[in-house]
Amino acid sequence: MNTEALISELSYKAVRSSGPGGQNVNKVASKVELYFNLVDSLQFSDSQKNRLLEAFKSKVNKDGVLILSCDETRSQFKNKTLVTQRFLVSINKALKKKKVRKETKVPKSAIKKRLKHKKIQSEKKENRKKPDV
């Protein structure tokens, strides 16, 4: 995956933030929204696009545009770098294929060990009872 080509397809928009900053929040647009058109992207194949659409289905609008935002800091530049990093990490994570779990059988020695421990515990508790008269 070519990250520079991918970043060139991104578009940003600065909006007023609801985060920290006091009265400064009302004046400065420090929140950054990242827009990425998944459907029209030239960087991914159709199968990759489908996988990304499935992974980001709550963050993609009806036009197929992925929207991420960041308003953690008071700096617009820092928010832009943070949201870009998150975008790249989440894209890599979504494209990674999950390992198929191989079912394994429980070893006989583990079964014997568990049953032996159960028997010891049972005898221990049995010995705590008062004897029958």
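Quick notes
- Other residues with beta-carbon under 12 Å from the beta-carbon of Val60 carry, at +1 per Lys or Arg and -1 per Asp or Glu, a net charge of +2.
- In the chain, the portion of solvent-accessible area held by carbon and sulfur atoms comes to 51 percent [1.4 Å probe, whole percent, DNA, RNA and ligands not counted].
- Using every pair of separate Cα atoms, the Kirkwood estimate puts the hydrodynamic radius of the stretch 52-94 at 11.2 angstrom.
- Gain on full extension, evaluated as 0.36 nm per residue between Asn50 and Ser69 minus their Cα-Cα distance, stands at 4.6 nm.
- Highest GNM mean-square fluctuation among Lys57, Lys113, Lys96, for the chain modelled with Cα contacts below 10 Å: Lys113.
- Over the chain: helical MRE at 222 nm, DSSP H runs n ≥ 4 each giving -39500 (n - 2.57), nearest 500: -14000 deg cm²/dmol
- Area of Lys13 that stays accessible when all protein chains are in place (1.4 Å probe, Å², to 10): 100
- Restricting the stretch 56-133 to GluC sites (Glu not before Pro) that sit in a DSSP loop and have at most 12 other Cβ atoms within 10 Å of their own Cβ leaves Glu103.
- Cβ-Cβ distance of Glu4 and Val28, R₀ of 30 Å, FRET efficiency by 1/(1 + (r/R0)^6): the value works out to about 0.55.
- Contour excess over end-to-end distance, with Cα ends at Lys113 and Asp132 and 0.36 nm allotted per residue: 3.7 nm
The values are calculated or read from the model by the stated rules, or taken from the named source; none is laboratory data. The structure presented is a predicted model; accordingly, all values stated were derived computationally and were not measured. Heads up, the Cβs are rebuilt from the backbone with ideal geometry, glycines too, and the neighbour counts pull from every protein chain shown. All accessible areas refer to the heavy atoms of the entire protein, side chains included, with ligands and DNA or RNA removed. Shrake-Rupley method; radii C 1.70, N 1.55, O 1.52, S 1.80 Å.
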